[in-house]
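Input: a single structure, listed below in structure tokens.
The values are calculated or read from the model by the stated rules, or taken from the named source; none is laboratory data. A quick note: this is a predicted structure, and the numbers were derived from the prediction, not measured. Glycine gets a Cβ as well: all are built from the backbone with ideal geometry, and neighbour counts include every protein chain shown. Quick note on the areas: whole protein, heavy atoms, side chains included, nothing else; ligands and nucleic acids left out. Shrake-Rupley method; radii C 1.70, N 1.55, O 1.52, S 1.80 Å.
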Amino acid sequence: MNRILRSRALAALTSPHGVDRYLEQLNPMWAAHEVRARIVSVHREVDVPGHPPVATVTLQPTSTWAGHRAGQHVQVGVEVDGARRTTRVFSISSPESGPGDRFTITVRANPGGVVSRYLVERAAAGTMVHLSQARGEFVLPARVPEHVLMISGGSGITPLMSMLRTLQRRTHRGRITFLHYAQSPDHQIFAAELDEVGRSGHGIDVHLLHPELGDPNLSPAYLERLVPGYREVPTWACGPAPMIEAVRATYDGSDALRVEYFRPPRVRAGAEGGDVVFERSGRTVAGSGAPLLEQAEAAGLTPESGCRMGICLSCTTRKTEGTVRNVLTGVESSLPDEDIQICVNAPVGDCVVDL
Ligand SMILES: Cc1cc2nc3c(=O)[nH]c(=O)nc-3n(C[C@H](O)[C@H](O)[C@H](O)COP(=O)(O)OP(=O)(O)OC[C@H]3O[C@@H](n4cnc5c(N)ncnc54)[C@H](O)[C@@H]3O)c2cc1C
Ligand code: FES
């Protein structure tokens with residue numbers, strides 16, 4: 001059946017909309033190529049008055065879901081109040097999954113956030129969302145090292161939770177040191193589960209830290225005390241940019257460290273000055289140095305965008321003239337007629353884009 005649904009003949013017959021458009025009308029859980037999911041439940045993990053709530057969303061994907069490796073993320077697209085689909089990236093918090101398997105994402109409702117607030121505060125069982133396949137290289141290797149160190153802060157716990165749960169499921173025989181920083185015990189995501197894991201004594205040391213209440217901050221001395229020789233221990237770290245910067249400094253260039261950002265720091269913005277010409281809409285603005293996506297939005301345009309971090313490619317736009325600088329890597333490019341991701345490219349001087 002799947003072979004027929006994915007055949008060229010059927011694609012030609014259902015052109016220009018494609019077979020998935022028809023299948024979706026018949027049953028939103030039927031798909032030949034696309035990946036969609038039905039929300040099974042939305043469970044509040046953390047709800048501290050005056051602070052953004054965090055919820056775990058359980059998703060039942062279509063059979064087209066290929067599964068995921070612990071640590072990977074997925075793009076989630078939602079249509080809020082009938083508006084055009086908006087997409088953001090979320091790490092998967094449940095253990096590794098196989099084709100068609102249920103999985104979870106755990107989302108902090110970012111104040112003013114379009115997608116995170118929708119998922120935490122408005123979505124309910126039965127709501128359909130659009131997905132990508134799982135992506136990302138922030139994963140455990142096929143041969144898991146004997147000792148694994150995981151460091152996270154805030155909602156950055158999600159990919160590490162997937163790794164921890166996966167290793168538990170596989171009954172990993174080695175040692176795991178799991179360090180998590182949260183504002184307070186009330187802000188602790190997965191508190192009950194981590195407490196139980198810590199007590200189980202199966203070679204997993206769990207340290208839940210709240211520096212605002214007097215627990216030690218991350219420092220070389222603290223890590224050395226906890227894990228002697230930690231710079232040689234394979235380590236996965238995920239959290240807010242300032243925390244990741246502190247972890248990087250603590251590891252001093254060691255290649256045992258792998259990191260993931262939810263919001264990467266910008267190494268250098270573009271240069272202010274020069275004109276940005278949005279050719280198709282006939283608008284010209286004085287360049288502010290911000291990425292082109294932000295400048296286009298400030299000019300009242302609504303270009304396609306998704307992750308806003310150079311991951312999903314949905315903002316790819318043709319730059320016809322000028323130089324741009326990638327604000328994540330600092331690399332500049334002056335090629336004419338070049339397709340660029342406008343969420344992470346800022347103009348350096350005059351620039352013309354097809355928007
Ligand atoms: C690889 C990866 C994995 C991620 N995994 C998770 C996850 O597991 N759980 C999770 O909750 N989020 C995760 N994120 C962040 C997520 O993709 C969104 O950026 C976040 O949910 C905000 O989206 P939004 O649509 O709600 O806000 P937007 O509508 O995009 O933004 C609204 C406002 O919030 C600001 N903002 C945007 N993103 C953030 C942020 N991350 N922190 C603080 N302020 C922000 C914007 O500048 C803007 O002012 C991940 C991001 C990446 C790149
Ligand atoms: S919005 Fe995802 S790459 Fe630009």
| said: With every protein chain left in place and a probe of 1.4 Å, what is the accessible surface of Arg44, to the nearest 10 Å²? | reply: 100
| said: Could you report the accessible area of Glu279 in Å², rounded to 10, computed with a 1.4 Å probe on the protein chains as they sit in the structure? | reply: 100
| request: For the stretch 271-355, just say rounded, prolate or oblate: build the C-alpha gyration tensor, square-root its eigenvalues into a ≥ b ≥ c, call rounded for a/c under 1.5, and beyond that prolate if a/b exceeds b/c, oblate if not. | output: rounded
| query | In the stretch 34-131, what percent of the accessible surface is made up of carbon and sulfur (1.4 Å probe, ligands and nucleic acids excluded)? | reply | 46
| note | Share of accessible surface on carbon and sulfur in the stretch 275-353, whole %, 1.4 Å probe and ligands ignored, is 48
| Sequence of Val227, Val89 when ordered by accessible area, the most exposed leading, probe 1.4 angstrom | Val89, Val227
| request: With an 8 Å cut-off on Cα pairs and a minimum separation of 6 or more residues, tell me the relative contact order of the chain in percent. | output: 12
| field | Whole-Å semi-axes of the ellipsoid equivalent to the chain (Cα gyration tensor, √5λ, descending) | value | 36, 29, 19
| Of the listed peptides 192-201, 116-125, 26-35, 151-160, what is their order by residue-averaged count of other C-beta atoms within 10 Å, with the highest listed first? | 151-160, 116-125, 26-35, 192-201
| task | Compute the Rg/Rh shape ratio of the stretch 147-261: radius of gyration over Kirkwood radius, all on alpha-carbon atoms. | result | 0.93
| task | Taking all pairs of distinct Cα atoms, average 1/r, flip it, and tell me the Kirkwood hydrodynamic radius of the stretch 34-131 in Å to one decimal place. | result | 13.5
| remark: The Kirkwood hydrodynamic radius of the stretch 86-187, taken as the inverse of the mean 1/r over all distinct Cα pairs, in Å, comes to 15.5
| field | Accessible surface of the stretch 164-222 [probe 1.4 Å, protein heavy atoms]: carbon and sulfur percent | value | 47
| message | Per residue, how large is the accessible surface of the chain? Use a 1.4 angstrom probe and give square angstrom. | response | 48
